[in-house]
Structures are given as C-alpha cells and as structure tokens.
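The numbers here are math on the coordinates, done by the rules we state, and not lab data. Keep in mind the model is a prediction, meaning the values are calculated, not measured. Don't worry about glycine lacking a Cβ; one is built from the backbone with ideal geometry, like all the others, and counts go over all protein chains shown.
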Amino acid sequence: MNSIWHYYPVEGTYCPSLNIYHYGCAAEDHLSPCVSVQTADAHFNVSLVDTTANPDCYPLELKFEYPEIPNYVTQWHWISGDGGQSPNADSVRFIYNVPGVYYAILTIRTSNGCFDTDTATIEVNGPYAEFTMSTDTVCKGEPVNFNMFNASNVYSYEWDFGDGNPGQGQ
C-alpha cells in the first residue's frame, strides 16, 4: 500500500483522482466527496457607532465587524480588552468608559476546526479621575473632605458640591 500526503495551499474544493498504469493499460479512480479546504481568517473592521462623537474621548462606542462570512465559519468569540466578551456573533459593539489602551480580540473557528485570531489596539483618551468624601452625613457647618485620586490627563478641574458653591484646584 502506498500513501502520500498533500498540502493544499489555497482554500477551495478539490476532487482528487488516482491514475494507475500497468503494461499499456490504464485505470482512473475518483474520490467522492471532494476535499473541501477551509481558511480561517479572523481579520475584522472597527468603526465608530456614532460618527459625530469625538473619537479621542471616552465614552467611546465602537462596532467590531467580521466582514466576510464563509458558510463554514461556525464560531466567533470577541474579547473587548476591558473585560467584555461576546460569543457567537459576527458583529458586536463595545463601549470603553475609561481611558487606556485595550486589545480587542476576535477568534473564529470553522466547521473543520480551523481557527484564527486577530487583534486590534484600541486607544481611548481623555481626562479621568475618581473621588471620595470623608463622610456622607455631617452637622450643619462641619466640613466634608473631598479627595480626587486615580487622576490621569487632568489639566485643571472644578468641584461642584451640589449647593451652588464651586471649588477649583490643581
């Protein structure tokens, strides 16, 4: 028994045959079904959901779309890079609410088990800060301390205490 391995470099359908010879005689054999060669290519597109939004500031809502869907792609798995995930959808939307650099990932799988992964780097900009207060209940005239932390890309800021008296600082 003789065997041979063959590697198909391009996706498509191929119908192999075997031609055999013996002293001037010839015979041919065909296989059915044909060989289906699948390609997994996870390349995807990213676009703004709201084209009037500032793409340099958060919150940033993006649409991720797998553009060409061969009928043999059976699974999609999206990871937003900020903790969000979405399985089995050819397009998804993710909202980035905090500045930073995120790596959005798509992994696809075909019916034959072929898979591929693609990654897009998402950079979300803008000022960011959080704040705390020393207490939420005081007697009239007692101070409450407000503390800003985790600040990044803050040029200046302004406090609004909710009573009409503003505060500023650096």
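A few remarks follow.
- Gap separating the Cα centres of the stretch 53-111 and the stretch 123-170, nearest whole Å: 34
- Cleavage-rule hits, chymotrypsin sites (Phe, Trp or Tyr not before Pro), the stretch 67-160, DSSP coil, Cβ neighbours within 10 Å at most 10: Tyr155
- In the stretch 57-170, a dipole from Cβ-located charges (positive for Lys and Arg, negative for Asp and Glu) runs towards its positive end, and of Asn71, Trp159, Phe94 it is Asn71 whose Cα lies farthest in that direction.
- Given their separation in residues at 0.36 nm each and the Cα-Cα distance between them, Val35 and Asn112 gain 26.6 nm when the chain is fully extended.
- Farthest positive-ward along the stretch 24-170 dipole, Cα basis, beta-carbon charges - from Ala129, Cys25, Val144: Val144
- Cα Rg, Dmax, the stretch 15-170, angstrom units: 28.6, 112
- About its Cα centre, the dipole of the chain is roughly 340 debye, where the only charges are +1 on Lys and Arg Cβ and -1 on Asp and Glu Cβ.
- Relative contact order of the chain, taken over Cα pairs closer than 8 Å and 6 or more residues apart, is 15 percent.
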